[in-house]
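For reference, the structure discussed in these notes is given below.
Since every read-out is calculated from the coordinates, none of them should be taken as a lab result. Small disclaimer: the values here were computed from a predicted structure and weren't measured. Heads up, the Cβs are rebuilt from the backbone with ideal geometry, glycines too, and the neighbour counts pull from every protein chain shown.
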Amino acid sequence: ESTLPPTSFTISPNSQTRQWLKTHPNDPRTPKLTAVLGNHPDSEWITGGSRGLPNLIDMMNASRATNTMPVVVLYNIPGRDDGISGPDYGVTAANYRAWIDGVAAIIGNSPVLAIVEPDALWFIDRQFATNRAGFDERIDLLRYAIDRLSRNPAAHVYLEAGTTSGSVTPDRMADLLRKASPSSGIGFAVNVSSFAPTVPITAYAQRVRTRLIGLGVQNPRYVVDVSRNGNPVWDNNAWCNPPGRKIGPYPTPRPQPSAPGLDANLWVRAPGTSDGPCGVGPGSTGGDLLPSVAYAMIS
């Protein structure tokens, strides 16, 4: 049974998909893209850039106006690594804590589903293999973010926990989640910006969950990014704009059929969004909408 209230998720007012549809009303693909993608909620990625907190304000205002739950992704950890451009050390630990305080202040006590720092645990062992202080700082910052957001009784907080590609085992991911969680109530998010189909990603999540229960966690909860996992065949190593992807189920809390601990299916990375200058999106920037790719995903 999902721990989320029976709600709808917020449609992001700053969505690249909807901005493209608005500016291309006469494109022959627009009617179908609008029907299949444009009217469904995705998430708002909040970074440390100049548009980060203003975008969060817009998302929270939209959620209050529509009585829906916003899905926000925090993506600003020191040393953040997207797997393409290498670690970004422009943010300090002090900067990050202050930024988290600002995020929490904007959210207040409003309902929110927050996904904390994609790739932060996924890369931690490799990034800090010979740097114990760096490892410990990252764990401390994740604990700070989760603790700060969780003071809001209407917040549902999920720490990003990888996918099925094998770079990190489910048992190791569970150990990392336990380290980075300030309380025994652990939420985690799987398949964020990835493509693992429902069967293998459910198996991965259940293995993480089983290990967490073995570590003493009561009823661990999780959410899944299903935005681009509709093709049941996927090469685990093809993570950057791989060809032939299809949209997955529509985002919904309390999905049916369910699985133990599953709170929601989400579109964390909007269908047709670029992962960077690679694969079927050469020359693109991560986060850009690729309309031809989006159209192929729904055709």
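Would you pull out the residues with amide H under 5 Å of L159's amide H, same chain only if 5 or more places away, H placed 1.01 Å from N?
V116, G187, F188, A189
Going by average Cβ neighbours within 10 Å, how do the peptides 33-40, 84-91, 67-74 rank, with the highest at the top?
Highest-to-lowest ranking by the protection proxy: 67-74, 33-40, 84-91.
Residues with amide H under 5 Å of N231's amide H, sequence separation 5 or more or different chain, H placed in the peptide plane at 1.01 Å from N; which?
Hits under the 5 Å cutoff: K246.
Placing unit charges on C-beta atoms (Lys and Arg positive, Asp and Glu negative, everything else neutral), compute the dipole magnitude of the stretch 1-48 about its Cα centre in debye, rounded to 20.
It works out to roughly 280 debye.
As I understand it, the value is the acute angle between the Cα axis of helix 198-214 and the longest principal axis of the Cα atoms of the chain; what does it come to in degrees, rounded to 10?
Approximately 20 degrees, to the nearest 10.
Would you calculate, for the chain, the mean residue ellipticity at 222 nm contributed by helices, counting each DSSP H stretch of 4 or more residues as -39,500 (n - 2.57) and dividing by all residues, to the nearest 500?
-10500 deg cm²/dmol
Magnitude of the Cβ-charge dipole of the stretch 105-203, K/R +1 and D/E -1, about the Cα centre, nearest 20 debye?
120
Rounded to the nearest 20 debye, what is the charge dipole size of the chain about its Cα centre when +1 sits on each Lys and Arg Cβ and -1 on each Asp and Glu Cβ?
Value, rounded to 20: 440 debye.
Return the long-range amide H neighbours of V73 (sequence gap of 5 or more, or a different chain), with a cut-off of under 5 Å between placed amide H atoms.
Correct list: E44, W45, I46, I115.
Quickly rank 214-224, 125-135 as a protection proxy: mean count of other C-beta atoms within 10 Å, highest first.
214-224, 125-135
Have a look at the DSSP beta bridges in the chain and tell me what percent are antiparallel, nearest 5.
Counting only bridges with both partners in the chain, antiparallel ones make up about 20 percent.
For helix 52-66, report the angle its Cα long axis makes with the longest principal axis of the Cα atoms of the chain; keep it between 0 and 90° and round to the nearest 10°.
Long axis of 52-66 versus the principal axis of the chain: about 70 degrees.
Expressed as a rounded percentage, what relative contact order does the stretch 188-268 have, with Cα pairs under 8 Å and six or more residues apart?
35
Students often get this wrong, so try it: which of (1) 29; (2) 7; (3) 23 is percent of Cα pairs over 37 Å apart as calculated from the structure shown?
Comparing each candidate, only (2) matches the computed number.
What list of ³J(HN,Hα) couplings, whole Hz, do you get for the stretch 171-182 from phi and the Karplus terms 6.51, -1.76, 1.60, once you set θ to phi - 60° and write x for glycine and proline?
3J(HN,Hα) across the stretch 171-182, in whole Hz: 5, 5, 4, 4, 4, 5, 4, 5, 4, 8, 9, x.
Exposure proxy check: F9, F123 ranked by fewest other beta carbons within 10 Å?
F123, F9
Mind checking which of T273, S227, V103 is farthest towards the positive end of the chain's charge dipole, using Cβ charges of +1 (Lys, Arg) and -1 (Asp, Glu) about the Cα centre?
Among T273, S227, V103, the one farthest towards the positive end of the dipole of the chain is S227.
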